[in-house]
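Q: Sharing a structure, written as structure tokens. Questions coming.
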Amino acid sequence: MIAQTLKKELNIADWQVNKVMNLIDEGKTIPFIARYRKDVTGSLNDEVLRKFDDRLKTLRNLEEKKEQVLKKIEEKGKLTDALKNKILNAKTLVELEDLYRPYKSKKNTRASIAKEKGLESLAKTILEQNINYPLDKIAQKYVKNDVKSVDEAIDGAKDIIAEIVSENSEFRKKIRKNTYFVGNIKTKCKDSENETEYELYYNYEEKLSKIPPHRILAINRGESEKILSGKIDLEKDDILIYLKRHVLKNKSKIPEKVEYNPYTTPIIEESIEDSYKRLIFPAIEREIRNCLTDKAEKKSIEVFKKNLEQLLMERPISSKTILGWDSAFRTGCKLAVINSNGKVLDTSLIYPTEPQNKVEESKKLVKELIKKYDIDIIAIGNGTASKESEKIVADIIKGTNTKYIIVNEAGASVYSASKLASEEFPEFNEGERSAISIARRLQDPLAELVKIDPKSIGVGQYQHDMNQKRLNESLKSTIEKVVNEVGVDLNTASSSLLNYISGISKTVSKNIVEYRENNGAFKNRKELLNVKKLGDKTFEQCAGFIKVPESNNPLDNTTIHPESYKACFKFLRELNYDLDDIKEKNLEDINYESLSADLDIGLITLKDIVKELKKPGRDPREDLQKPILRKNILGIENLKEGMVLEGTVRNIVDFGAFVDIGVHQDGLVHISQIVENKFIKHPLDILSVGDIITIKVVDFDIDRKRISLTMIL
């Protein structure tokens, strides 16, 4: 059943399902399967494989729950073949829970208390609807012990009937579906006199089936902050008619017409209404709100993952000497100079901003640093005092070849105070580490950003309000995907970066760095096997993603896996080529199918090997757009309506994209302004974080610091 579900949901073949399940069960990682087992899986990519892995875990968990439920119901002696069949065919945990609900042990419900008083048989008698005389006469028999009166007996029976109705899985399924498609969500403000960011929701109503994910998350946050109150609203009459039609007896051929028994019908109708109001609706409301939140979180996480992936894949600025500038007022601006390899050359502290205002002294020192180290770029963090710093930097670099850029410093201060930062730079203080981080995240965004909690990077939406375990797992898988796609240099990668390589744990990543510090640079990939706790299985998983440019084996600086080295060299001998020749050769006429058979290597793997040999050591980020470097300053007060500018997409949300146009306040391109006269489902269909786009200023408000933009294609 699991295999068939995966086949249908992912639209893949039976053999692919079986192969991938086997690889996962063998302990192979998703990056390894995606890159080095293409011939086995039919070239299923990383995204499909991660969905496969996630659904496989969910479906196996569902099957495990089914076994537990079957066992518990069987222990009670109430498992029928029909019920067993329904449980085995349940598609979701909600459906399984509906089926199991009547058999769960219950404590201190009104119905369970009534059952303890011996009133269950009275409830069943009423539900049979065969009484043809006043109910009081039957109820009188139950007035004993804890039951003090006829009314108490009947009330207890009604509580039991209400619970029986509420536990019917078919009823709940129908009502849940009806509520979702017919109901609205309504919100009100607890104090409408106060101005908050939730003003849109002060008196708000929208269909449950239509409300977008970001509004669900906004309402949830407003409720958690005690500003909003929300509820599901719908007409209940149709639902009550449906319940009565299915609970009350009907001897007529007309479905809507039920038989009226003056002695039992009023009692059952009261029980049904109580069941819906007290038991069914509150539970359904919680379930639907939870379901909407779950969907909204998944959607938000997908957007966050995509934004994070694009941010991590931003093009590095290599071969440049960079000055990192961490701005501040009272504590001064921290500076750090790094060379093209990220080595810290110098640090300093200046006070060009209030309250010290040592502008000239600061300019002189920075100019000396530019001259001494031939600084190419000044990277200014976009935090406190960055606007003031930018004015000073723009003045400093006049007449020089140096340029500047504003860098998103989100998370830099958290990193600088972390244990990791103190271990990496024990000789520097927190401010200097922050400046180093700002410079390095321009030089190689991926290598630096992996050290920071991705939730602190600033490319998400409501990330602190959602399921943190699910969010962390999703973001970790995204970082893992990018790190393995790009690969790492074994002799320069930090333990933080190595930790995301396929198969490498935190302990092993630290052991690799420790080995490197004690024994010098790795000479080749095979030397990894000398690292503590890095055995053959881990080597198989990680080796292809780790490059050693200094190795005497040139294949160690490629994405070709060591398991294919033999076939690779045999391939070159067959064609009478060497590694340098192949870069210049036209390989279009090669009979890859025949060579694949001769070399005993998969056809797809062979083609990947040839592709890598054509461009060994290539960084996939090299083809991406370069960041915008500036020499002149622009402020929000300099903007004019209709002004056309270049900007960098910094964050993408459901309703649009935030674009850095160099004025210290990101402007918003609303989803309706991304493509003229064309509907798009989501900004991610068109834009990516890091994209350099041309935009036009539509409107701006200096006091509220709001800028509206439209995109020019």
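Q: What are the pairs, 6+ residues apart or on separate chains, where a residue within segment 1-16 that is over 12 Å from K51 (Cβ atoms) has its Cβ under 9 Å from a residue that is modelled with pLDDT of 95 or more and of a type in the set (D, E)?
A: Every condition considered, the pairs that remain are M1/E63; I2/E63; A3/D14; Q4/D14; K7/D14.
Q: On to the next question. Check every one of the helices (runs of 4 or more DSSP H) wholly within segment 1-113 and list those with 1 or more residues that are surrounded by fewer than 16 Cβ atoms within 10 Å (Cβ to Cβ) and within 23 Å of the chain's Cα centre (by Cα).
A: Counting at least 1 such residues, we get 2-10, 46-75, 93-100.
Q: Given the conditions (1) free of Cβ contacts under 8 Å to residues at least 12 places away in the same chain; (2) in a helix (DSSP H, G or I); (3) among the basic types (K, R), report the number of the one that K210 does not fulfil.
A: K210 satisfies all of (1) free of Cβ contacts under 8 Å to residues at least 12 places away in the same chain; (2) in a helix (DSSP H, G or I); (3) among the basic types (K, R) except (2).
Q: Taking segment 637-691 on its own, how many of its residues are within 19 Å of L308 (Cβ to Cβ) and touching a strand residue (DSSP E or B) at 6+ places or on another chain (Cβ under 6 Å)?
A: 15
Q: Would you say F304 is aromatic (F, W, Y) and farther than 26 Å from T478 by Cα?
A: No: the conditions fail for F304.
Q: Among K186, K210, which is the only one that is charged (D, E, K, R) and within 17 Å of D654 (Cα to Cα)? Steps first, please.
A: Numbers: K186 fails: within 17 Å of D654 (Cα to Cα).
Sole residue among the options that is charged (D, E, K, R) and within 17 Å of D654 (Cα to Cα): K210.
Q: Look at segment 268-284 and say how many of its residues are over 42 Å from the mean Cα position of the chain (by Cα) and either surrounded by fewer than 21 Cβ atoms within 10 Å (Cβ to Cβ) or part of a loop (DSSP other than H, G, I, E, B) (or both).
A: Qualifying residue count for the region: 2.
Q: Quick check, is E361 surrounded by fewer than 17 Cβ atoms within 10 Å (Cβ to Cβ), acidic (D, E) and in a loop (DSSP other than H, G, I, E, B)?
A: Numbers: surrounded by fewer than 17 Cβ atoms within 10 Å (Cβ to Cβ): yes; acidic (D, E): yes; in a loop (DSSP other than H, G, I, E, B): no.
In short, no.
Q: Related question: Quick one: which helices (runs of 4 or more DSSP H) lie wholly within segment 472-590 and hold at least 3 residues that are under 18 Å from K611 (Cα atoms) and not small (G, A, S)?
A: Numbers: elements: 495-498, 506-519, 536-542, 565-575, 579-582.
Result: 565-575, 579-582.
Q: If you don't mind, there's one more thing I want to ask. With respect to G383, determine if the residue is at pLDDT below 90 and farther than 21 Å from R433 by Cα.
A: No: the conditions fail for G383.
Q: Kindly indicate which of E197, E193 is of a type in the set (D, E), within 28 Å of the chain's Cα centre (by Cα) and in a loop (DSSP other than H, G, I, E, B). Explain how you work it out, then say what you get.
A: Values: E193 fails: within 28 Å of the chain's Cα centre (by Cα).
Only one candidate passes the filter, namely E197.
Q: Taking the criterion of being closer than 15 Å to I452 by Cβ, outside any loop (DSSP other than H, G, I, E, B) and touching a residue at least 40 places away in the same chain (Cβ under 8 Å), would at least one residue in segment 408-415 satisfy it? Please lay out each step first, then the result.
A: The initial filter retains those residues of segment 408-415 that are closer than 15 Å to I452 by Cβ, namely 408-415.
Among the residues that remain, those that are also outside any loop (DSSP other than H, G, I, E, B) are: 412-415.
Pick out the ones that are also touching a residue at least 40 places away in the same chain (Cβ under 8 Å) and you get 412, 414.
Within segment 408-415 (the criterion being closer than 15 Å to I452 by Cβ, outside any loop (DSSP other than H, G, I, E, B) and touching a residue at least 40 places away in the same chain (Cβ under 8 Å)), the answer is yes, since at least one residue qualifies.
Q: Would you mind finding the one in I601, I695 that is closer than 30 Å to K398 by Cβ, surrounded by 19 or more Cβ atoms within 10 Å (Cβ to Cβ) and more than 28 Å from the chain's Cα centre (by Cα)? Walk me through how you get there before you give the answer.
A: On the way: I601 fails: closer than 30 Å to K398 by Cβ.
Unique residue meeting the criteria: I695.
The values are calculated or read from the model by the stated rules, or taken from the named source; none is laboratory data. As the structure is a prediction and not an experimental result, all values here were calculated from the model. A quick note on method: Cβ atoms are made from the backbone with ideal geometry, for glycine too, and the neighbour counts reach across all protein chains shown.
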